[in-house]
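Asks: Here you go, one structure.
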């Protein structure tokens, strides 16, 4: 459907069922108070949408820098319907934030492009810790749920466009 409500024949629509699917979630341990909240919300959403809890594989990495490598390893094995990368980067007073944020985003995008595996970007990039807490909070920003919904939809679209 377009923004004006017009329906198009043959249009693919977003579908958010995890039934019969397996998801990989790679989560950074750095800023664990925030990333664990993202993880809990994402897993809860996947399960609420029919993904069996045992079909959600969680992998932890030290920090956001390691997310693209771990996601790449998982994408090279045809086990998951989609992969979710969760992390948190908070701007500091050095160029470190910009360097890491850029490389993580480019690395995850490269995995998606190079493998064809749906990869969803759930890395918070904020100016302050308060902003990160707000975006991770299920009662306010709920980015964990948001990225899980994107993973569900992309897994379905992937299956529709590239049937196994």
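Asks: Test residue 83 against the criterion of being more than 29 Å from residue 99 (Cβ to Cβ), crowded, with 24+ Cβ neighbours inside 10 Å, in contact with a helix residue (DSSP H, G or I) (Cβ under 7 Å, 6 or more places away or on another chain) and modelled with pLDDT of 95 or more, and give yes or no.
Replies: Answer is no for this residue.
Asks: Give the residues of the range 125-134 that are under 22 Å from residue 25 (Cβ atoms) and touching a strand residue (DSSP E or B) at 6+ places or on another chain (Cβ under 6 Å), sorted by residue number.
Replies: 125, 126, 132
Asks: Just to check your reading of the model, which residue among 122, 50, 141 is touching a strand residue (DSSP E or B) at 6+ places or on another chain (Cβ under 7 Å) and surrounded by 14 or more Cβ atoms within 10 Å (Cβ to Cβ)?
Replies: Only one candidate passes the filter, namely 122.
The values are calculated or read from the model by the stated rules, or taken from the named source; none is laboratory data. Keep in mind that what you see is a predicted model, and the values were worked out from it rather than measured. Cβ coordinates were reconstructed from backbone atoms using ideal geometry, including for glycine residues, and neighbour counts include every protein chain displayed.
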